[in-house]
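Throughout, read-outs are computed from the coordinates displayed, never taken from laboratory work. Small disclaimer: the values here were computed from a predicted structure and weren't measured. Here the Cβ is made from the backbone with ideal geometry for all residues, glycine too, and neighbour counts use every protein chain on show.
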Amino acid sequence: MSTLPRPSALHAVSDTVGGNRIELRQLRYFVTLAEELHFGRAAAREHIVPSALSVQVQRLERAVGVLLVDRTTRHVALTPAGARFLIEARQIVEHVDRAAVIAQGAALAVPTLRVGVLDEAYDAVRPVLRAVQSGHPELEIHQVLAGVPEQCRLLADGRLDIGVGRLPDAAPEIAAELFRLDPLGVLVPATHPYARLGHVPVGDLRGETLLLADEHRAPEFRAFVTGICRAAGFFPVLFTGSVQTLRAAADLVLQGRCVLCTPESTAGVSAELTWRPLGPSVPRYPWSMLWRAHDPSRWAIELVATARALSAELGWRDEAPDRAS
């Protein structure tokens with residue numbers, strides 16, 4: 001039997017005590033022995049021989065500085081200090097095991113990026129999404145159809161990683177970076193008089209019925225277009241119905257019921273429609289990346305960086321006012 005002293009209280013344990021280091025396997029062996037109270041059974045569970053288990057427990061006792069186990073030829077029992085030590089030792093082992101499971105799960109988890117995007121914004125951001133996906137084929141990109149007000153709520157709640165749109169009001173919890181200035185124009189049928197023009201004077205829209213994005217989904221886009229019309233001296237006549245997708249909007253235009261005011265990036269929504277820029281100085285709609293200001297995800301940062309690079313490469317933020325020919 002060991003002649004180690006039996007202090008009345010168990011002293012705090014560090015990773016090294018008296019020059020002896022406590023090893024995780026020693027804690028694990030001690031916990032197993034405390035559960036079995038039998039060196040043979042405990043050693044079998046740990047896949048070592050009983051003598052090796054005894055040596056490691058003795059080293060643990062030397063490192064701690066107290067006797068943890070009473071050993072006789074007839075029984076094995078924990079000392080009072082050993083019983084108290086067991087509570088902490090078991091927690092340490094469980095925490096390490098749980099940390100390993102968490103780490104393994106993170107390593108196996110598929111990386112994901114949740115992107116909020118309005119239907120009208122998809123074509124503007126599509127090259128960015130494709131570039132990120134090409135560089136990271138393992139990344140799962142989940143697109144959530146949502147207007148900017150909803151995107152901001154989802155970002156703040158942590159249910160979205162990044163949004164795409166125009167943030168007209170200051171929101172300290174949301175960061176924004178402009179990545180594209182998208183020329184604004186109108187979509188009309190090929191038979192419409194505007195289809196033969198190089199540009200459509202904003203003032204000519206005075207007599208047209210304009211279809212704009214739904215006020216609840218995209219109030220910022222609606223305000224942008226009506227502001228352009230007001231600057232030209234009139235308030236636009238707005239289509240009284242509403243649609244949720246560009247394809248549905250294109251169908252209304254094909255029926256001759258309205259003219260769709262939309263950015264150039266959406267011009268390919270229908271082969272039967274023609275897009276013409278507003279003029280003579282083409283207004284540009286500002287698309288920005290939106291993300292949580294304080295704890296952005298790794299992939300949100302990656303998307304913003306990619307948008308920034310593509311914007312510089314392709315001149316998307318060129319603010320020189322276009323003159324429509």
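Given the range 113-314, what percent of its DSSP beta bridges are antiparallel, to the nearest 5?
DSSP beta bridges in the range 113-314 are roughly 60 percent antiparallel.
Classify the range 107-171 as rounded, prolate or oblate from the Cα gyration tensor: take a ≥ b ≥ c as the square roots of its eigenvalues, call it rounded if a/c is under 1.5, otherwise prolate when a/b beats b/c and oblate if not.
Since a/c reaches 1.5 but b/c is at least a/b, the shape of the range 107-171 is classed as oblate.
Starting from the amide H of Arg180, placed 1.01 Å from N in the peptide plane, find each other amide H under 5 Å away whose residue is 5 or more places distant or on another chain.
Residues meeting the criterion, in which the H sits 1.01 Å from N, are Trp287.
Quick one: grab the alpha carbon gyration tensor of the range 254-325, order the square roots of its eigenvalues as a ≥ b ≥ c, and give me rounded if a/c is under 1.5, else prolate or oblate depending on whether a/b is larger than b/c.
prolate
Would you work out the relative contact order for the range 113-314, in percent, from Cα pairs under 8 angstrom that are 6 or more residues apart? All intermediate terms of the calculation are to be shown ahead of the outcome.
Working: 370 pairs, mean separation 69.3, N = 202.
Dividing the mean separation by the residue count of the range 113-314 yields 34 percent.
For every helix of n ≥ 4 consecutive DSSP H residues, a contribution of -39,500 (n - 2.57) applies; sum these over the chain, divide by its total residues, and give [θ] at 222 nm rounded to the nearest 500 deg cm²/dmol.
After summing the helix terms and dividing by the residues of the chain, the value is -12500 deg cm²/dmol.
Just in the range 42-139: which GluC sites (Glu not before Pro) are loop by DSSP and have at most 14 other Cβ atoms within 10 Å?
Qualifying residues, ordered by number: Glu138.
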